[in-house]
Amino acid sequence: MKTYKQNHYPNAGPDDWVFPGKRKRPLDAGWFMTKTIKPIAKASGFPEVHWHALRHWNNSAMLNSGIDPAVRMKRVGHGSERTNLIYSHPEMALQKAASDAIWQRTQAAKLGVERIKKEEAEKASLSLLSVTLSVTPNQGVPLSP
C-alpha cells in the first residue's frame, strides 16, 4: 500500500489517504466501485461484482494465505468464528492438502496395524512351536526354527 501511495500520489503526506477522494476526503465507496472495481472485475471475466462478494474474496484470500482466524475476524469485523467460516472458501490446493494429509495418516495407520498383526502372528507361531516341542518328544528328528 505504501508503494502504491508513493507511485500514484507522490505528494501525499504520511497521514493522507491511500485512496483519496475529492478534496482530500475519504474515498466515496459507490464511486470507487463504479469507476475502479467494476471495470477491473469485468476485464477479468467477472461481469457482476458487489462489496459483499469482495468481503468473501478478501476473507478467502486471507484463509488461503494461512492468515490466523483471529486476524481475519478482526479485519472483516466478524464477532464469531462461525460467521467467519461462512465467508471462508478454501482453494482446491488446500482441499487437496487436507486430503493428502488424511491419506498419509491412513496409510501410516494401515502399516502400523499390519506390523502389529505380523508381530502377533510370529508370537503365536513361536508359542505353538514351544507347545509342540514340550508335548512331542524329540526322536532324533532335527527341528527347524
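Read-outs: derived from the displayed coordinates by stated rules, not from any lab. None of these values were measured; they are calculated from a predicted model. Here the Cβ positions follow ideal geometry from the backbone for every residue, glycine too, while neighbour counts run over all protein chains shown.
Summary table below
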quantity	calculated
Neighbour net charge for residue 114 - beta-carbon separation under 14 angstrom, K R +1, D E -1	+1
For the chain, calculated [θ]222 nm from helices alone, where every DSSP H run of n ≥ 4 adds -39500 (n - 2.57)	-19500 deg cm²/dmol
Entry for Kirkwood radius over Cα pairs in Å (calculated from the structure that is shown) out of (i) 22.1; (ii) 16.8; (iii) 19.5	(i)
Long-range amide H partners of residue 27 with built H, under 5 Å	21
Exceeding the 31 Å Cα-Cα cut-off - candidates 5/42; 2/74; 38/74; 5/96	5/96
Proximal lysines to residue 123, defined as alpha-carbon separation beneath 24 angstrom and excluding residues fewer than eight positions away on the same chain	110
